[in-house]
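Colleague: Got a structure here, written out as structure tokens. Questions coming.
Bear in mind that the values in this text are calculations on the coordinates, not laboratory data. Worth saying up front: this structure is predicted, and the values here are computed from it rather than measured. We place every Cβ from the backbone using ideal geometry, glycine too, and count neighbours over all the protein chains shown.
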Amino acid sequence: MIKPYYQEEEFSLFHGDALKILKQLHNIKFDLIYVDPPYLLSNDGITCQSGKMVSVNKGNWDKSMGFDEDLKSIDSWIKACKEVLKEDGSIWVSGTLHNIYKVGYLLEKNGYDIINDIIWYKPNAPPNLSCKYFTHSHEIVLWARKSRESHHTFNYGEMKVWNNPKDKLKNKDKQMRSVWSIPLIPKKEKEFGKHPTQKPLELLNRIITSSSNEGDLVLDPFTGSGTTGIASSILKRKFIGIDSNKEYLDVAIKRFQDERKSRLLFSPESKNQIMKYI
Ligand SMILES: C[S@@+](CC[C@H](N)C(=O)[O-])C[C@H]1O[C@@H](n2cnc3c(N)ncnc32)[C@H](O)[C@@H]1O
């Protein structure tokens, strides 16, 4: 078996191309997969960040290779994920208009059954500088089960009483709807380094809580700064993440070590252990 770049407790990171690594992990089956793939939107355009005009380019990994090549590339990771997903498992894929319609088409073509298309609404999205179209203020997150026959996990009750800590009354004992209002990533989640497309922990918190259980194994094949892994660790899920960029994996490691430190410091077991020495 291939050696992880980092492993501690039930949190493992692999460095390299997702397709190659997944082939070598073929004996492992996952309960839940979250994919935050390249959105293919780095087309030399401009956007606004903290009031400044900046390039939209995220890196070479995010460049489109043209319609047909993009379809082929998306198809290959969708197939690879299906190979390693348990029969009753489910997959989430984030995207925008640049990639998500290709993703939806290919999920169905590969036999997945789309359950929901979640709108992640960003109440504080940056303004649109060109003033030639509506301001992008949402992303789409597709949720699909492996097939129509799959008995996927949905923690309906937990979602019904979901308490957003910033807005305690929101969603209190009401069915959770498919539009999720979650602000852009707060500064404190970037304290260990920057990733250009880092997702807010709150988004992964909802995804993992709703569609997996404690002890389940979660995969993120394009893990970047490890947001899925951090949420998995907090929620007591096992985690495997892959990224082709070591710099991002190093941010993920620092984030995990910080989360682990506070978990050990504040857990009841560790309090008992600390008491032994006082
Ligand atoms: C949209 S970002 C993921 C961000 C992540 N969700 C987070 O919160 O930090 C996509 C990631 O895919 C990685 N990537 C691109 N091509 C890859 C490949 N072929 N294999 C593995 N990782 C890849 C990039 O380095 C980038 O970090």
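Colleague: Counting other C-beta atoms within 10 Å, which of Arg177, Arg263 has the fewest, and how do the rest follow? Before the final figure, lay out the partial values.
Modeller: Numbers: Arg177 10, Arg263 14.
Ranking Arg177, Arg263 by Cβ neighbours within 10 Å, fewest first, gives Arg177, Arg263.
Colleague: Moving on. Ordered by residue, what ³J(HN,Hα) values in Hz, to whole numbers, does region 52-66 give under the Karplus form 6.51 cos²θ - 1.76 cosθ + 1.60, where θ = phi - 60° and Gly and Pro are x?
Modeller: Those phi angles translate into 10, 7, 9, 6, 7, 5, 9, x, 4, 5, 9, 7, 6, 9, x Hz.
Colleague: Continuing with this model, one more query. Using packing as a proxy for protection, rank 145-151, 245-251 so that the peptide with the highest average count of other Cβ atoms within 10 Å comes first. Can you show the working numbers first?
Modeller: Values: 145-151: 14.4, 245-251: 18.0.
Going from most to least packed, we get 245-251, 145-151.
Colleague: Let me ask something else. What ranking of Phe134, Phe11 emerges when the number of other C-beta atoms within 10 Å of each C-beta is taken as an exposure proxy, fewest first? Intermediate results must be reported in sequence, preceding the final value.
Modeller: Values: Phe134 6, Phe11 24.
Neighbour counts put them in this order, fewest first: Phe134, Phe11.
Colleague: If you don't mind, there's one more thing I want to ask. Could you give the nm distance between label points at Asn116 and Phe67, where each point is 7 Å from its Cα heading toward the beta carbon?
Modeller: Placing both labels 7 Å beyond Cα along the Cβ direction yields 3.3 nm.
Colleague: Quick query: amide H of Tyr5 versus all other amide H atoms, modeled in the peptide plane; which residues come in under 5 Å with a sequence gap of 5 or more or a different chain?
Modeller: Leu13, Phe14, His15
Colleague: Can you give me the C-alpha center-to-center distance between region 30-82 and region 241-266, rounded to a whole angstrom?
Modeller: After rounding, the separation between the Cα centres reads 23 Å.
Colleague: Can you sort Ile2, Ile240, Ile185 from fewest to most other Cβ atoms within 10 Å of each residue's own Cβ?
Modeller: Listed from fewest to most nearby Cβ atoms, that is Ile2, Ile185, Ile240.
Colleague: For region 12-276, what is the relative contact order in percent, using Cα pairs closer than 8 Å and at least 6 residues apart in sequence? Spell out each step's value before the answer.
Modeller: Numbers: 476 pairs, mean separation 58.6, N = 265.
Taking the mean separation of contacting Cα pairs over the length of region 12-276, I get 22 percent.
Colleague: Starting from the Cα of Glu149, step 7 Å along the direction of its Cβ; do the same at Lys172; then give the gap between the two resulting points in nm.
Modeller: 4.5 nm
Colleague: Evaluate region 10-70: find the radius of gyration of its Cα atoms, find its Kirkwood radius, and give the ratio Rg to Rh. Working shown, then result.
Modeller: Working: Rg = 16.2 Å, Rh = 14.7 Å.
In region 10-70, Rg relative to Rh is 1.10.
Colleague: Find the Rg to Rh ratio for region 1-111, where Rh is the Kirkwood radius over alpha-carbon pairs and Rg uses the same atoms. Write out the running numbers ahead of the final one.
Modeller: Values: Rg = 16.1 Å, Rh = 15.9 Å.
On the Cα set of region 1-111, Rg over Rh gives 1.02.
Colleague: So for the chain, considering every pair of alpha-carbon atoms, how many percent are separated by more than 31 Å?
Modeller: Details: 10276 of 38503 pairs.
The calculated P(r) of the chain puts 27 percent of pairs beyond 31 Å.
Colleague: Using the basic label-point model (7 angstrom from Cα toward the beta carbon), what is the Tyr105 to Phe134 distance in nanometres?
Modeller: 2.2 nm
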